[in-house]
Amino acid sequence: MSAAPASGTVVAAFGRETLVRADDGELLQATARNRRTQPVCGDRALLSGVGGGRAVIEALDPRRSVFSRSSQHRTKVLAANITQVVILVACEPSFSDELMCRFLVAAENAGLPALLVLNKVDLADLRDRALEALEPFRGLGYPLIELAGMRDAQPLLAYLHRHRSLLAGQSGMGKSSLIKTLLPEAEVRIGEISRFLDSGRQSTTAARLYVVDETTEIVDTPGVSDFGLAGLEVQDIAAGFREFAAHAGRCRFQDCRHLVEPGCAVQQAADSGAIHARRLQLYRRIVEQEHAQRTER
Ligand SMILES: Nc1nc2c(ncn2[C@@H]2O[C@H](COP(=O)(O)OP(=O)(O)OP(=O)(O)O)[C@@H](O)[C@H]2O)c(=O)[nH]1
Ligand SMILES: [Mg+2]
Ligand SMILES: [Zn+2]
């Protein structure tokens, strides 16, 4: 056992059981000593008892960023200390633009930059339809990158550089395949070990952190069909629709929620085409869902 205090980064967590990459590069199976310690992928951990491929997590560093979803009953932190959210959709299967908005709202509220990736553009006959569905997301300032991630990740590399990116998206969008394309051989082992800890399923069931090179890290996450935003107030959700801000100051009511209020400048902007009507529609749907749930309690 080494006497010097060691630390590392959690690359996968299953309750208190984790896989940690120690700062010297060694992969360790590490268990949190304290029941209240809930490590998540990306956490910095202080380790003790390092030896034989095992360690104990004594404490976690404060998180610089947290990416989480919440229902009324619980908040699930997907990853800590990420610096960017990459939202993956694909030409096939079809994707939910509402879910994309939910990811964007979460990213904006976590203070994280986001980018959009249309994957599987090798399915050429399906590309136009997908691009059409992405129309409401153009001109918002989020980069939109087209990719056939299973074959070539090149178009994305420059955006991943100097970031720890979290890959978000529905099941089947090609997140794990993209990571396989990006990864050096050695990193595939992490997938194997954590799959073993995670009972061997094919689809991703827990977030996993991978190191592409010294300055590029990427977190694979399980596909979700829903992404709850229960922790957010209406104005937080509105803040996640960044194009609203330029108009919101001209609403008749200072506390306008852009739902049914008269004299809503965001509604006027949608009417005139200054913002995309679909985005306003999705905003209202998300507010309705999140806040109807809350009053049903
Ligand atoms: N045509 C095409 N198919 C792809 C591409 N990337 C992934 N696929 C296929 O899409 C399917 C799903 O890929 P995954 O990488 O497992 O998707 P995922 O997003 O990780 O799914 P979950 O782990 O369930 O969230 C697989 O059958 C892949 O072969 C691509 O660039 N082009
Ligand atoms: Mg996967
Ligand atoms: Zn308004």
So how do 140-146, 217-223 stack up, highest first, on mean other-Cβ count within 10 Å? 217-223, 140-146
Regarding the chain, what is the average projected area of its C-alpha convex hull, in nm²? 16.9
On average, how much accessible surface per residue is there in the stretch 10-139, in Å², for a 1.4 Å probe, leaving out ligands, DNA and RNA? 44
For K120, which lysines qualify as cross-link partners when the Cα separation must be under 26 Å and same-chain residues fewer than eight apart are set aside? K175, K180
Dipole of the stretch 42-101 (Lys/Arg Cβ +1, Asp/Glu Cβ -1, origin at the Cα centre): which of P93, Q72, A45 lies farthest to the positive side? A45
Please identify, among G149, G172, G52, the residue showing maximal mean-square fluctuation in a Gaussian network model of the chain using a 10 angstrom Cα cutoff. G52
What share of all Cα pairs of the stretch 1-144, in percent, falls into each consecutive 5 Å distance bin? 2, 9, 16, 15, 13, 12, 11, 9, 7, 4, 2, 0, 0
Between the stretch 54-84 and the stretch 155-187, the Cα center-to-center distance that results, in Å: 20
Taking the dipole of the chain about the Cα centre (Lys, Arg +1; Asp, Glu -1; charges at Cβ), the one of G141, L131, A230 that reaches farthest to the positive side is A230
Protein accessible area in the chain, 1.4 Å probe - carbon and sulfur %: 48
Specify the residue with the greatest mean-square fluctuation among T31, T75, T205, computed from a Gaussian network of the chain linking alpha-carbon atoms under 10 Å apart. T75
Over the stretch 1-54, what is the relative contact order in whole percent, taking alpha-carbon pairs under 8 Å and six or more residues apart? 43
Which order do the peptides 78-86, 114-122 take when ranked by the mean count of other beta-carbon atoms within 10 Å per residue, highest first? 78-86, 114-122
Simple Cβ-charge dipole of the stretch 64-190, Lys/Arg +1 and Asp/Glu -1, about Cα centre, in debye nearest 20: 680
For the chain, with only Lys/Arg (+1) and Asp/Glu (-1) charged at the beta-carbon, what is the dipole magnitude about the Cα centre, in debye rounded to 20? 740
If I take R0 = 41 Å and measure r between the Cβ atoms of R33 and E185 in this structure, what FRET efficiency does the formula 1/(1 + (r/R0)^6) give, to the nearest 0.05? 0.75
Choice from V20, V56, V40 showing the highest fluctuation, given a GNM over the chain with Cα pairs closer than 10 Å: V56
On a 0 to 90° scale, report how tilted helix 97-109 is relative to the longest principal axis of the chain, with both axes built from alpha carbons and the result rounded to the nearest 10. 70
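The values are calculated or read from the model by the stated rules, or taken from the named source; none is laboratory data. Because the structure is predicted, anything quoted here is derived from the model rather than measured. Please note: Cβ atoms are built from the backbone with ideal geometry, for glycine as well, and neighbour counts cover all protein chains shown. We work out accessible area using only protein heavy atoms, side chains counted, and drop any ligands, DNA or RNA first. Shrake-Rupley method; radii C 1.70, N 1.55, O 1.52, S 1.80 Å.
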